[in-house]
Amino acid sequence: MSRLGLAHFTGRMTDQRKQQRTLVLGGTGKTGRRIVARLRGQGVPVRVGSRTARQPFDWTDPATWAPTLRDVNAVYLSYHPDLAEPGALKTVAAFTDLAVSAGVSRLVLLSGRGEEIARSAEEHVQAAGVEWTVLRSSWFNQNFSEDYLLEPVRGGEVVLPVGAVPEPFVDADDIAEVAVAALTGHGHAGQLYELTGPRLLTFGAAVADIAASTGRTINLVQVSPEEYADGLAAAGVPAGTIELLTYLFTTLLDGRNARLSDGVTRALGRPPRDFTDYATSTAATGVWGGA
């Protein structure tokens, strides 16, 4: 090949590499925005998949999928609101098939730990014929500071239909770091990582940890699932969201997830972040009030 031809070939390959993008679905959410920040910090071209993005993506509008997949070679696949939602499997399967046909060669799926309903979506991704990694997680630490539990914590009373069943709360930063490793690195294809924190805590112990970190009195009030659903309805929460939250609390907190897994350590070679470290650093931001 002549120097001119080699230069042309090299330039073309460089252009092709520049065109490749990593698509992060739910790119403005708890895990997604953390993944986007880490990828950009590594110089990886990223496309944010959200309804508010420059190229909008909407799970309920398949017409938005193909444009979002243009020049994408890897996808972080996070389904909103949850893989337990009716119709989630059909939607995720259709998107997965479209992504593979569009040239995507690597899929990283965020799944639910202990959610049997999510297994069908996992199986479809695993059978798609491309590199895949499945990340199973349950309750995020950040649900207390970036989601529907933030205002109750601020108000000093967290009302939930939970008992004394321990939960392996996992940090969203750990999930993001594992996802980035799977999206960009080697050795993660074909792996199923169950992601948990390093110890089990009840919701009462977690709330007490937050209270100690803030120097405030914060109480956990246990109610029945019916009382919880009625309270959400009175607050104007949509019926579909109430049904999903009730399912998550009543079904997944039956002890099925009351065990630790080594997914974070296997993927990253370090232990997962402890809940107390999360509570201490989050309290220091002032988001919960208190000292």
Single residue of segment 176-188 satisfying the filter (in contact with a helix residue (DSSP H, G or I) (Cβ under 8 Å, 6 or more places away or on another chain) and either surrounded by fewer than 18 Cβ atoms within 10 Å (Cβ to Cβ) or of a type in the set (A, V, I, L, M) (or both)) that is farthest from Arg136 (Cα to Cα): Thr184
Take Leu220 and decide whether it is among the aliphatic types (A, V, I, L, M) and modelled with pLDDT of 95 or more. yes
Say we look at segment 89-114 and pick out the residues that are aliphatic (A, V, I, L, M) and assigned to a loop (DSSP other than H, G, I, E, B); which of these is nearest to Leu192 (Cα to Cα)? Val104
Sort out which residues of segment 100-147 are among the small types (Gly, Ala, Ser) and touching a residue at least 40 places away in the same chain (Cβ under 8 Å), and write them in order of number. Gly112, Gly114, Ala121, Ser137, Ser138, Ser145
Say whether the condition of being at pLDDT 95 or above and closer than 16 Å to Leu245 by Cα is met by at least one residue in segment 195-203. yes
Note on Thr64: of the conditions (1) modelled with pLDDT of 95 or more; (2) under 27 Å from Gly240 (Cα atoms); (3) under 19 Å from the mean Cα position of the chain (by Cα); (4) not basic (Lys, Arg), unmet is (3)
Do we have Val178 as of a type outside the set (Ser, Thr, Tyr), outside any helix (DSSP H, G or I), closer than 18 Å to Gly112 by Cβ and touching a residue at least 24 places away in the same chain (Cβ under 8 Å) here? no
Those residues that are assigned to a loop (DSSP other than H, G, I, E, B) and either hydroxyl-bearing (Ser, Thr, Tyr) or out of contact with any Phe, Trp or Tyr (no Cβ under 7 Å at 6 or more places or on another chain) (or both), I need them from segment 131-164; list them, please. Ser138, Ser145, Glu146, Asp147, Tyr148, Leu149, Gly156, Gly163, Ala164
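The values are calculated or read from the model by the stated rules, or taken from the named source; none is laboratory data. Owing to the predicted nature of the structure, the values given are computational and were not obtained by experimental measurement. Here Cβ is always computed from backbone atoms with ideal geometry, including for glycine, and neighbour counts include all displayed protein chains.
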